[in-house]
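Q: Have a look at this one.
Just so you know, all these numbers are worked out from the coordinates, no wet-lab data involved. Everything numeric here is computed off the predicted structure, so don't read it as measured data. Cβ atoms come from the backbone with ideal geometry, glycine included; neighbour counts cover every protein chain shown.
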Amino acid sequence: MIYLSRLSFLLVALAVATSICAQQSFVDSMNKRFAGRSPAAGDMLPDAEGCHGDGSPFALKDTRGKLTVLVTGCLT
């Protein structure tokens, strides 16, 4: 019985290690994928349109030259 519990422990430890390696690999691939696409601090953003909190539309081109804080996320 002790031999079986040690084997089970080793199998669980192997599964956890494999999961951690796969997760880190996924995070690394996503970081590489978005590193080239994301603007750096101080870069101009591409033109986009959206809505203010009250529902009125806005375009980023209207804010050029002004200090602007852009907050994104899910509002549902």
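Q: Cβ under 11 Å from M44's Cβ, M44 left aside: what net charge do those residues give with Lys, Arg +1 and Asp, Glu -1?
A: The answer is 0.
Q: Excluding L60 itself, what net charge comes from residues whose Cβ is under 14 Å from its Cβ, given Lys and Arg +1 and Asp and Glu -1?
A: Its environment carries a net charge of -1.
Q: Kindly provide log₁₀ I(q)/I(0) values, in the same order as q = 0.21 Å⁻¹, from the Debye equation applied to equal alpha-carbon scatterers of the stretch 26-76.
A: Debye intensities relative to I(0), on a log10 scale: -0.93.
Q: Between L67 and D28, what is the spin-label point distance in nm, taking each point 7 Å from the Cα along the Cα→C-beta axis?
A: About 4.0 nm separates the two model spin labels.
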